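Note sheet for the following structure.
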Amino acid sequence: MTTQRRLLTLGSGLVAGLVATASLILFMIVGRYFLGVTPPPEAIPDRTAPLLSIETFFGLFNDYGGYNGLKKFGIQAGTTGVVVAGLLAGLVYPLIAESVRARRAGLGALGVPKHGLRFILGATLVLWLASVIFLWPVLVTSFIGLPPFDARLVTMGWYLVTYVLGYGVVLLLAYRLITARIPATNADPVRASTPLAGGATLATEHGGTRPAIARHPLPVAQPVGRRAVLGLIVTGILLLPSWSLFRRLYGMATFSYDGRPYSGPDVQPITPNTQFYSVTKNVVDPRVSTDLWRLDVFGLVNTPRVYSYEDLLAVTPYQQESTLMCISNRIGSGLMSNAVWTGVQLRTLLNEAGVQDGALEVKLYGADGYVDTFAIEKATDPTTMLVYSMNGEPLPQRNGGPMRLIVPGLFGEKNIKWITGIEVVDYDAKGFYEQQGWGPNFAPYTRSDFFSPRVVSNTRFADPVRAGQTITVKGRAFAGDRGIRSVEFSPDDGQTWQPVRVTYPGTDLTWLYWETDWAVPSQPGEYVVTSRAVDGTGAPQIAEFQDTVPQGAHGYHRVTATVE
Ligand SMILES: Nc1nc2c(c(=O)[nH]1)N[C@H]1C(S)=C(S)[C@@H](COP(=O)(O)O)O[C@H]1N2
Ligand SMILES: [Mo]
């Protein structure tokens, strides 16, 4: 081939690669939007995040502008990788399809060179296998709410369709269509129109036989400029629906509410549903269909069961108020909320299935591929429940609707949203964040903090207080599922303590609200006030500061007041 011909052929490969990559993106987005299948650019970060150490994870937060920035970066990097790989394969394809060996092998199905066909099918299948192996743990993702086993099948199937049809076949056809086959050199002893099978032999002029070395049995691909332009137009057309679906997915993104706290001087004992704190690993949370949704109970049980949404509504409802708190909630921060939950005790389902001897933990699956685990004893505790209603309303989507798990006494991490599977296992498995190094203890430390007057940066009252006045300070206290026995207030950073009035006692599973009168000193200056609680077991709150990593914060909430 002349250099010019070679460049033109590579150009055709590039255009074909563009068309095929656009088609690949369309397949991925259609799968994500309509079938709830996680596309590789979303699945790869999900698979990788638990492998990071907490330090790396937080380091990335800093580099990319918090969790939301990191999530965006993950998707962008994944998509860039897909586009680059798609274009590269397009560039490589002509080298294979137009090689001398390929020309000897001749044309196969669809008028596509046999070597090219084999290369693309082989490459897409290898890539599919690699995806399945590497992404295995997150293939259980089904954003529409299919249970883990079905979800994995659907994901594997759609990946196969996407790679082979969405990309491979489109690449072959696009290349085939933007190049015309022109007959090989006339001087060639073999007619351009009679491709030979690889093993055939030819008679030579000298009478003997030799292996077929026909130089151009396959007509040479000749790019057609007009068709290449058409290819680019097709790329644009394929990207149009992708773009509009992408915009819709972007509109559903979690950026606006992920990491949103419930705090400030107006917090209520029962958090209104629209203000409930929220944390999610997802860029776009699952939109689980109650019709398609199923809950699989499997593993070490006598009778595995599958429940529909209606099945669970039919069980006598269990109602319970409890407080939920994220492990990364600092002392004084608002990644915590309280609600009245309605649903089904988990032990009802576990009893129906019959837990076998040797069961150690339950492994819980979310529709977003999130997995977490805790001890079987905790799973059969009467307070652990599956929940479909929050404060009398259907469980909101962002809080895990239509069905989530609530396990009082353990940090938010263990309270799986959009739950689709419960597996009873006889080994210790680690959850999404646990693998990073969080825990191993997931029971919150006892804490108490101030919320009124308004506190800024967790460390000082926003407004100065008037010397000599008596003001009301308000706070809350929380001890997981151990309850709060008492709270005290200190006007002088822990030197003296005074009792408080309980304004909302709650239950052992909830926070408690309190207030007290603070006689503000008559001397202007900076004063530190603080509080301490004793939990239901009689254990006092730990005074010394500990940060949220790796198993939750403890320490007194010390707030500075400027007295004028
Ligand atoms: N399926 C799933 N469940 C999940 C999470 C998630 O990302 N996916 N996040 C967890 C974390 S870190 C917390 S703190 C709580 C938050 O629940 P909320 O958004 O209803 O407040 O959900 C937990 N359950
Ligand atoms: Mo969390």
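The values are calculated or read from the model by the stated rules, or taken from the named source; none is laboratory data. Nothing here was measured: the structure is a model prediction, and the numbers come from that model. Neighbour counts run over all protein chains shown; Cβ positions are idealised from the backbone, glycine included. Ligands, DNA and RNA are excluded from the accessible area calculation, which covers all protein heavy atoms including side chains. Shrake-Rupley method; radii C 1.70, N 1.55, O 1.52, S 1.80 Å.
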Q. Is region 253-275 home to any residue that is part of a loop (DSSP other than H, G, I, E, B), under 21 Å from VAL371 (Cα atoms) and within 16 Å of ligand 2 (Cβ to nearest atom)?
A. yes
Q) Hey, GLN345 hits all of (1) open to solvent by 10 Å² or more (accessible area, probe 1.4 Å); (2) within 16 Å of ligand 1 (Cβ to nearest atom); (3) not charged (D, E, K, R) but one; which does it fall short on? A) (2)
Q. How many residues are in a loop (DSSP other than H, G, I, E, B) and open to solvent by less than 10 Å² (accessible area, probe 1.4 Å) if we restrict to region 507-519?
A. 2
Q.
So, in region 216-271, exactly how many residues are within 30 Å of TRP341 (Cβ to Cβ) and of a type in the set (Ser, Thr, Tyr)?
A. 6
Q | Residue in region 292-304 that is more than 14 Å from ligand 1 (Cβ to nearest atom), open to solvent by less than 20 Å² (accessible area, probe 1.4 Å), touching a Gly at 6+ places or on another chain (Cβ under 7 Å) and not assigned by TED's automatic domain parsing to the domain that holds TRP514 present | A | yes
(Q) Scan region 296-308 and tell me whether some residue there is closer than 26 Å to SER142 by Cβ, within 16 Å of ligand 2 (Cβ to nearest atom) and under 23 Å from the mean Cα position of the chain (by Cα). (A) no
Q.
I'd like the full set of residues that are away from ligand 1 (no atom under 16 Å from the Cβ) and among the β-branched types (Val, Ile, Thr), limited to region 275-291.
A. THR290
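Residue by residue, here is whether (1) in contact with a Leu (Cβ under 9 Å, 6 or more places away or on another chain); (2) assigned to a strand (DSSP E or B); (3) more than 16 Å from ligand 2 (Cβ to nearest atom) holds:
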residue: VAL288; (1), (2), (3): no, no, yes
residue: ASP291; (1), (2), (3): no, no, yes
residue: LEU312; (1), (2), (3): yes, no, yes
residue: VAL315; (1), (2), (3): yes, no, yes
residue: GLN319; (1), (2), (3): no, yes, yes
residue: ASN329; (1), (2), (3): yes, no, no
residue: VAL340; (1), (2), (3): no, yes, yes
residue: LEU349; (1), (2), (3): yes, no, yes
residue: GLU377; (1), (2), (3): no, no, yes
(Q) Tell me yes or no: at least one residue of region 429-437 is under 18 Å from ILE376 (Cα atoms) and open to solvent by 30 Å² or more (accessible area, probe 1.4 Å). (A) yes
(Q) Please verify whether VAL473 is farther than 14 Å from ALA561 by Cα, in a strand (DSSP E or B) and among the hydrophobic types (A, V, I, L, M, F, W, C), treating the condition exactly as stated. (A) no
Q. So, in region 123-181, of the ones that are among the aromatic types (Phe, Trp, Tyr) and under 19 Å from LEU26 (Cα atoms), which residue ends up modelled with the lowest pLDDT?
A. TYR175
Q) Which of (1) in contact with a helix residue (DSSP H, G or I) (Cβ under 7 Å, 6 or more places away or on another chain); (2) farther than 21 Å from PRO444 by Cβ does ALA379 not meet, given it meets every other one? A) (2)
Q: Only helices (runs of 4 or more DSSP H) wholly contained in region 1-114 count here; list those with 1 or more residues that are modelled with pLDDT under 95 and either surrounded by 22 or more Cβ atoms within 10 Å (Cβ to Cβ) or among the aromatic types (Phe, Trp, Tyr) (or both).
A: 3-30, 54-64, 66-97, 100-105
Q) In region 393-426, what residues are more than 18 Å from the chain's Cα centre (by Cα), in a strand (DSSP E or B) and surrounded by 20 or more Cβ atoms within 10 Å (Cβ to Cβ)? A) ILE406, ILE422, GLU423, VAL424
